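One structure below.
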Amino acid sequence: MERRSTSSSSPPNNIKKVKNAATTTATGGGASTTTGYMMKMPPLADKRSVAEQLCQTCSGPIYSQGLNTFQVPMALYEVNRARVVQAMLEKNGNTKGLILLEGGKQTTRYDTDHEPVFRQESYFHYLFGASQYSDCYGVLSLPEGEATLFVPTWGVDVETICGASPEFEKVKKELGVERVLSVGDLKSFVEREMKRMEDDVIEEEKKSGEEEMFPPKLFLLKGLNTDSGNFASPASFDRISQFADVRDEDSLFPVLVECRVHKSPAEIDLLRYTNWISSMAHVEVMRSTKPGMMEYQLESLFQHHTYTHGGCRHMSYTCICACGPSANILHYGHAGRPNSRLLASSDMALLDMGSEYHCYASDITCSYPVSGTFTEDQRAVYESVLAAQVSVINELKPGVSWVDMHREAERQILKGLIKCGVLTIGDDCGEGYAEKVIEEMLDVDLGAIFMPHGMGHLIGIDTHDVGGYAMGTPERSGRPGLAKLRTARDVEEGMVLTVEPGCYFIDPLLDMALSNDKQKKFVNSERLGDFRGFGGVRLEDDLRITADGCENLTLCPRAAEEVLNVMKGGAWPPEKDVMPELKRAWADCKKGKMKMLDIKS
């Protein structure tokens, strides 16, 4: 793992030479006193501006897995911190205080001492980028925005097994934070800083003549994740109860959530990389898929490519390698369904897999015939789902309703099912009649029978990223299909969302439709029988919302001829973009940086 930091023999612009000034610098071996330079912190806006410039030039501390893997400027997290601090100041009237977060813990498996691979807690990573350090705490000061990371240290017994304790100065340079201290110093640090801020408030009251200025607060993270139903837990340490009077568990969570909803340019570049490496891995799996393989072999090929060529140790979620009837199970691949079916030549493969790099996710689904050739029915369902994806992508822009996008996907899939005879509209062929009947189908929730999941979701540090039903946004619908949407918000610039329409033939749902008087009148039950056991088709891309539309970060074969050509060993990326309406932003990773490609349509 490579991490690079820039250095200079002369002090940076934000450091002022002070005669006879002494500063104390914490290191892995203890505190040392040095004389010469004293930090003069720049204003918050200046810090953010400098950090954004470092992101643009990929300068300063860099995270990389070496070789040709992506170089992440750690200034990305400085920008995140500045955004959160500024939003907190705007919300709380420039209140002084400390933001305190507790990082992820290194866990063990049940009652054993086996340690699963560590993955940082997402909110903590968003602010500190400390993907490789477990059992930490982090503090941000208000209004300055100074970041202090607290890392654990251990004795010789643990060092013999796990290596030396983190060196404070080294960690500081790696992550680009203002200071690094031991976890053991956390309580005294918080006590000291809160006392200092309280004294500052008292002094300001004396100068201003105001007697009711807000005291400094200790801001902790607590709130509901609307996807999982779980709560983010506030940080805790010994004797934190002494701050009960100034403890604030309400202000931070909605601010952090909303900041995570809107991605910075540096975050977009990182998501572009995870989409690129995952797209190329999907292509490799597509080329290798053959009857007689096991589903888990497809999963293994994907993981091998993303780790070997992309440095992605983690998957964004459990891989879904659902072939044939397995695709009837939307989250196949989990306990009880471990990607263990033998591929048959008549199967459609539905592969939903995405890798994660420096805790940023990708979420991509490809569907294609295991045989390398579409049957007529397979092609009909595939084209219906592709039409839904194209239609949504071409409507995506700031201001459109995500609920309306879901309905448009359903509309296109129902249209395709009419075309292949599964659904019927009767004998009237008058102008606009088909469209009218499709709206009637939507009114009775027939779309939810064939697409029983939401059309997509926010994505970022988490696959199902936060903010879908944040405070002040539209509530979740109770209607079938719409109830499964992970957000009902209007689309906004800076969001990144998946677009994942699907069409499935799930026996219990089909039986429900056939027993529902309002739905069964539209169903050709005899033709529907041809699709029982078919499984399903899903296509999923990750879309960045721009000022006037969207940009597709996913670079997978989508047109049927693209899919079949790749399965026969054809080159990818292609020489020509045969589906410009997908808005694929062609890119490649060269020497650790994403470079845009000029592929003409």
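Can you name the condition, by its number, that S362 falls short on among (1) in a loop (DSSP other than H, G, I, E, B); (2) open to solvent by 10 Å² or more (accessible area, probe 1.4 Å)?
(2)
Which count do you get for residues in the range 560-587 that are open to solvent by 30 Å² or more (accessible area, probe 1.4 Å) and of a type in the set (D, E, K, R)?
Looking only at that region, the number is 6.
I need a count of the residues in the range 142-160 that are open to solvent by less than 60 Å² (accessible area, probe 1.4 Å), assigned to a loop (DSSP other than H, G, I, E, B) and either touching a Phe, Trp or Tyr at 6+ places or on another chain (Cβ under 9 Å) or of a type in the set (V, I, T) (or both).
Total satisfying the criteria: 1.
Here are some residues: Y110, Y77. Which one is of a type in the set (F, W, Y) and more than 23 Å from L270 (Cα to Cα)?
On inspection, the qualifying residue turns out to be Y110.
So H334 ticks every box in (1) modelled with pLDDT under 95; (2) crowded, with 19+ Cβ neighbours inside 10 Å but one. Which box is left unticked?
(2)
Considering (1) touching a residue at least 40 places away in the same chain (Cβ under 8 Å); (2) open to solvent by 40 Å² or more (accessible area, probe 1.4 Å); (3) more than 14 Å from I99 (Cβ to Cβ), say which one F237 fails and leave the rest.
(2)
Based on this model, can you work out whether A547 counts as at pLDDT 95 or above, buried (at least 16 other Cβ atoms within 10 Å of the Cβ) and part of a loop (DSSP other than H, G, I, E, B)?
Answer is no for this residue.
Rundown of residues vs (1) touching a helix residue (DSSP H, G or I) at 6+ places or on another chain (Cβ under 7 Å); (2) of a type in the set (A, V, I, L, M, F, W, C), yes/no style:
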{"site": "N524", "(1), (2)": "no, no"}
{"site": "G536", "(1), (2)": "yes, no"}
{"site": "L543", "(1), (2)": "yes, yes"}
{"site": "C556", "(1), (2)": "yes, yes"}
{"site": "A560", "(1), (2)": "yes, yes"}
{"site": "K568", "(1), (2)": "no, no"}
{"site": "K576", "(1), (2)": "no, no"}
{"site": "L582", "(1), (2)": "yes, yes"}
{"site": "S601", "(1), (2)": "yes, no"}
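Considering only the range 396-471, give the helices (runs of 4 or more DSSP H) lying wholly within it that have at least 1 residues that are at pLDDT 95 or above, open to solvent by 40 Å² or more (accessible area, probe 1.4 Å) and more than 23 Å from L271 (Cα to Cα).
402-419, 433-443
So which pairs qualify, if the first residue must be in the range 305-325 and closer than 15 Å to I461 by Cα and open to solvent by 40 Å² or more (accessible area, probe 1.4 Å), the second must be among the acidic types (D, E) and in a loop (DSSP other than H, G, I, E, B), the Cβ gap must be under 8 Å, and the two must be at least 6 apart or on different chains?
Listed pairs, sorted by first residue: Y317/D363.
Does the range 179-193 hold any residues that are buried (at least 17 other Cβ atoms within 10 Å of the Cβ) and touching a Lys or Arg at 6+ places or on another chain (Cβ under 9 Å), and which are they?
R179, V180
Which of the residues spanning the range 483-493 are part of a loop (DSSP other than H, G, I, E, B) and crowded, with 17+ Cβ neighbours inside 10 Å?
L485, R486, T487, A488, R489, V491
Between residues in the range 159-170 that are touching a residue at least 40 places away in the same chain (Cβ under 8 Å) and within 14 Å of C136 (Cβ to Cβ) and residues that are of a type in the set (D, E) and assigned to a helix (DSSP H, G or I), which pairs lie under 7 Å by C-beta distance while being six or more apart or on different chains?
These pairs meet every condition: S165/E159.
Quick one: A335 ticks every box in (1) in contact (Cβ under 8 Å) with a residue 12 or more places away in the chain; (2) over 21 Å from the mean Cα position of the chain (by Cα) except a single one, so which number is it?
(1)
The values are calculated or read from the model by the stated rules, or taken from the named source; none is laboratory data. Model, not experiment: these values are computed from the prediction. All Cβ positions, even for glycine, are placed from backbone atoms using ideal geometry, and neighbour counts span all protein chains on display. What goes into the accessible areas is simple: the full protein's heavy atoms, side chains included, and nothing from ligands, DNA or RNA. Shrake-Rupley method; radii C 1.70, N 1.55, O 1.52, S 1.80 Å.
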